[in-house]
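The values are calculated or read from the model by the stated rules, or taken from the named source; none is laboratory data. This structure is a prediction, so every number in the text was calculated from the model and none was measured. Cβ: placed from backbone, ideal geometry, glycine included. Neighbour counts: every protein chain shown. Note: accessible area is taken over every heavy atom of the protein model, side chains too, but ligands, DNA and RNA are not part of it. Shrake-Rupley method; radii C 1.70, N 1.55, O 1.52, S 1.80 Å.
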Amino acid sequence: MNSESTFALDAKDCWECLRSTSIGRLAVIVDDWPEIFPVNYAIEHSALVIRTGEGTKVDAIRAHPRVAFEIDGVDTEDGTAFSVVVKGNAKEINAPEDLQETLSLDVAPLQSGTKNHFIRILAEEVTGRRFPVTDPSAWETHLSNVARAPRE
């Protein structure tokens, strides 16, 4: 694939992609290192909302509120893929009126357990790109179909 076949998405298209799925990856800083967690999310105006339990994500956001969030997807109808990154500040939602509004969002956690923390990521930068999906045969080499020893 050459660079001409990849193109940047504008903000409107990025938000459209974000609305097309509900699972992404949240990147936070833990002990001076980036950590990435799969999370489900909902969109609230120009923000993302996640619901999580007490622990690493909440502690990391309290210590370092600047986060990144990323999604990917494939459109099988037109043979393209997309990737969108949101950068911004994350903050726990504590105000009763904000919590009331947030409860109406469809942001059911993927994992069972107590998930009583709602986090809002205020988008400061939203970028994305779309590109054609390459036929897997393009990556074949003369060794692709060579018989291999069974795995032990």
Report summary line: Scanning segment 111-126 residue by residue, those open to solvent by 60 Å² or more (accessible area, probe 1.4 Å) and outside any loop (DSSP other than H, G, I, E, B) turn out to be 122, 124, 125
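Hey, among the residues in segment 127-145 that are open to solvent by less than 90 Å² (accessible area, probe 1.4 Å) and touching a Phe, Trp or Tyr at 6+ places or on another chain (Cβ under 8 Å), which one's farthest from residue 46 (Cα to Cα)? Steps first, answer last, please.
Filtering segment 127-145 down to residues open to solvent by less than 90 Å² (accessible area, probe 1.4 Å) leaves 127-128, 130-134, 137-138, 141, 144.
Add one more test, that the residue is touching a Phe, Trp or Tyr at 6+ places or on another chain (Cβ under 8 Å), and what stays is 128, 130-131.
Values: 128: 15, 130: 21, 131: 25 Å.
Within segment 127-145, the match that is farthest from residue 46 (Cα to Cα) is 131.
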**Report entry** Filter pass, residue 148 being under 14 Å from residue 47 (Cα atoms), open to solvent by 40 Å² or more (accessible area, probe 1.4 Å) and of a type in the set (Lys, Arg)
**Finding:** no
Query - Which listed residue is more than 19 Å from residue 114 (Cα to Cα) and touching a Lys or Arg at 6+ places or on another chain (Cβ under 7 Å), from 95, 47 - result: 47
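Can you list the helices (runs of 4 or more DSSP H) found entirely within segment 10-109 that contain at least 1 residues being touching a Gly at 6+ places or on another chain (Cβ under 7 Å) and surrounded by 14 or more Cβ atoms within 10 Å (Cβ to Cβ)?
Values: elements: 11-19, 56-63, 96-103.
By residue number, 11-19.
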